[in-house]
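Trainee: Sharing a structure, written as structure tokens. Questions coming.
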Amino acid sequence: MFLAEPQPTPYDLRFHWLGIPIRVAPWFWLVAALLGWNLTPTGEPDGMYLLLWMSAAFVSILVHELGHALAMRFYGISSYIVLYQFGGLTVPERHAYYGGSSRGADDPLRELAITAAGPAAQLALALAIALAVYASPYRLPAVPYLEYVLPLGQGQPFASDAVTLGLFYLLLASVFWALLNLLPVYPLDGGQIVRNLLVLVQGSRGIRNSLIVSMVAGGLVAWYAFTRQQVFLGLMMALLAISSFRTLQAYTGRSGW
Ligand SMILES: [Zn+2]
């Protein structure tokens, strides 16, 4: 998602998947645990549920980043994935392919495909789970706000709580992480998608307009979150709106771009 890649530590988990190097910083697990500690049937913390939640968050965010990484590979760009406290990053080996130029400068259509592939992969995972449960004789707890979009409450319960909660967490993490990332706010995927769409339509004027969209959307989501006591989301969006405003000022102050 955003900010710079964290420094490697001795506690990093490192492996390859589909030929892509993956590094998981220890902060990833801590933040996942903080976000999910009360996501249990009773609202009371529980070690088993927490482990299930952390595994689901890990799989879901990894699928998101693999979407970006595989789309990059499609365009001949190799990359590596880092999972850290703000979610995930897919870092292109840019010097080999971009000649040091900044990402997004040369081909908005390619950048659009690469950026959209992350949330798309995650939503595809959610859809696959939803369809499998829908076609099965089993049911899952309702996903908040999406009871009507994902009607999975019919049927008998799974025999195992671990299966029920594992699938539910995977669905929850995938839907909400993808939707959060699709907000048209920099530096989320949605902000980049809007920039590339506007650049395709409007040329370089699109960059300035995408910053305006980002500032307004960030402000609106912050306001909405604060009125719903979602302080963490509200603060994050307020900071991103301010940062878009500053970038806009710096951008319009320069003529050479
Ligand atoms: Zn992404």
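Trainee: Please go through the stretch 82-106 and give me each residue that is within 16 Å of the ligand (Cβ to nearest atom) and modelled with pLDDT of 55 or more, ordered by number.
Mentor: Once the filter is applied, which keeps residues that are within 16 Å of the ligand (Cβ to nearest atom) and modelled with pLDDT of 55 or more, the stretch 82-106 yields VAL82, LEU83, TYR84, GLN85, PHE86, GLY87, GLY88, LEU89, THR90, VAL91, PRO92.
Trainee: Could you list, in sequence order, all residues of the stretch 219-247 that are surrounded by 18 or more Cβ atoms within 10 Å (Cβ to Cβ) and among the aliphatic types (A, V, I, L, M)?
Mentor: Residues satisfying the conditions are VAL221, ALA222, ALA225, MET236, MET237, LEU240, ALA241.
Trainee: Regarding GLY153, is this residue away from the ligand (no atom under 16 Å from the Cβ), touching an Asp or Glu at 6+ places or on another chain (Cβ under 9 Å) and either closer than 21 Å to LEU39 by Cα or open to solvent by less than 20 Å² (accessible area, probe 1.4 Å) (or both)? Break it down into steps so the answer makes sense when it comes.
Mentor: On the way: away from the ligand (no atom under 16 Å from the Cβ): yes; touching an Asp or Glu at 6+ places or on another chain (Cβ under 9 Å): yes; either closer than 21 Å to LEU39 by Cα or open to solvent by less than 20 Å² (accessible area, probe 1.4 Å) (or both): yes.
Considered against the rule, which asks whether it is away from the ligand (no atom under 16 Å from the Cβ), touching an Asp or Glu at 6+ places or on another chain (Cβ under 9 Å) and either closer than 21 Å to LEU39 by Cα or open to solvent by less than 20 Å² (accessible area, probe 1.4 Å) (or both), GLY153 comes out as yes.
Trainee: Count, please, the residues in the stretch 13-31 that happen to be closer than 15 Å to LEU89 by Cβ and part of a loop (DSSP other than H, G, I, E, B).
Mentor: The total comes to 1.
Trainee: Further, regarding this structure: Can you name the residue in the stretch 199-218 that is open to solvent by less than 40 Å² (accessible area, probe 1.4 Å) and touching a Ser or Thr at 6+ places or on another chain (Cβ under 7 Å) and, of all such residues, is farthest from LEU146 (Cα to Cα)? If you could, list the steps in order and put the result at the bottom.
Mentor: Step one: of the stretch 199-218, the residues open to solvent by less than 40 Å² (accessible area, probe 1.4 Å) are 199, 203, 206, 209-211, 214, 217-218.
Within this subset, residues satisfying the condition of being touching a Ser or Thr at 6+ places or on another chain (Cβ under 7 Å) are 211, 214, 218.
Working: LEU211: 30, SER214: 25, GLY218: 23 Å.
Looking at the filtered set, the residue picked out is LEU211.
Trainee: Any residue at all in the stretch 193-213 that is of a type in the set (Ser, Thr, Tyr) and more than 15 Å from the ligand (Cβ to nearest atom)? Steps first, answer last, please.
Mentor: Here is the first cut: in the stretch 193-213, the ones of a type in the set (Ser, Thr, Tyr) are 204, 210.
Checking which are more than 15 Å from the ligand (Cβ to nearest atom) leaves us with 204, 210.
Yes, that holds for at least one residue.
Trainee: Kindly provide the set of residues from the stretch 32-52 that are outside any helix (DSSP H, G or I) and loosely packed, with under 12 Cβ neighbours inside 10 Å, ordered by number.
Mentor: Taking the stretch 32-52 first, the residues outside any helix (DSSP H, G or I) are 37-46.
Result: THR42, GLY43, GLU44.
Trainee: Kindly list, by first and then second residue, each pair from a residue in the stretch 198-219 that is farther than 14 Å from LEU248 by Cα to a residue that is of a type in the set (Ser, Thr, Tyr), limited to pairs with Cβ atoms under 8 Å and residues at least 6 apart or on different chains.
Mentor: Sorted first by the residue in the stretch 198-219, then by its partner, the pairs are LEU198/SER210; VAL199/SER210.
Trainee: Only one of TYR224, TYR169 is of a type in the set (Phe, Trp, Tyr) and free of Cβ contacts under 8 Å to residues at least 12 places away in the same chain. Can you tell me which?
Mentor: Values: TYR169 fails: free of Cβ contacts under 8 Å to residues at least 12 places away in the same chain.
Going through TYR224, TYR169 in turn, just one is of a type in the set (Phe, Trp, Tyr) and free of Cβ contacts under 8 Å to residues at least 12 places away in the same chain: TYR224.
Trainee: If the requirement is being crowded, with 18+ Cβ neighbours inside 10 Å and in contact with an Asp or Glu (Cβ under 8 Å, 6 or more places away or on another chain), which of these qualifies: LEU182, LEU165? Full working, then the answer.
Mentor: Values: LEU165 fails: in contact with an Asp or Glu (Cβ under 8 Å, 6 or more places away or on another chain).
When all the criteria are applied, what remains is LEU182.
Trainee: Does the stretch 1-31 hold any residues that are open to solvent by less than 30 Å² (accessible area, probe 1.4 Å), at pLDDT 85 or above and under 29 Å from ILE193 (Cβ atoms), and which are they? Please lay out each step first, then the result.
Mentor: Going residue by residue through the stretch 1-31, those that are open to solvent by less than 30 Å² (accessible area, probe 1.4 Å) are 2, 6, 12, 20, 22-25, 28.
Adding the requirement that they be at pLDDT 85 or above leaves 12, 20, 22-25, 28.
Result: ILE20, ILE22, ARG23, VAL24, ALA25, PHE28.
Trainee: Can you tell me which residue among ASP189, ASP161 is acidic (Asp, Glu), over 23 Å from the mean Cα position of the chain (by Cα) and closer than 30 Å to ASN38 by Cα? Please lay out each step first, then the result.
Mentor: Working: ASP189 fails: over 23 Å from the mean Cα position of the chain (by Cα).
Only one candidate qualifies: ASP161.
Trainee: State whether one or more residues within the stretch 15-23 are more than 16 Å from the ligand (Cβ to nearest atom), of a type outside the set (Gly, Ala, Ser) and touching a Lys or Arg at 6+ places or on another chain (Cβ under 6 Å). Steps first, answer last, please.
Mentor: Taking the stretch 15-23 and keeping what is more than 16 Å from the ligand (Cβ to nearest atom), we get 15-19, 21, 23.
Still in the running and of a type outside the set (Gly, Ala, Ser): 15-18, 21, 23.
Those left that are additionally touching a Lys or Arg at 6+ places or on another chain (Cβ under 6 Å): 23.
Yes, that holds for at least one residue.
The values are calculated or read from the model by the stated rules, or taken from the named source; none is laboratory data. None of the values given here were measured: they were computed from a predicted structure. Using ideal geometry, Cβ is built from the backbone for each residue, glycine included, and neighbour counts are taken over all protein chains shown. For accessibility, only protein heavy atoms count, side chains too; no ligands or nucleic acids. Shrake-Rupley method; radii C 1.70, N 1.55, O 1.52, S 1.80 Å.
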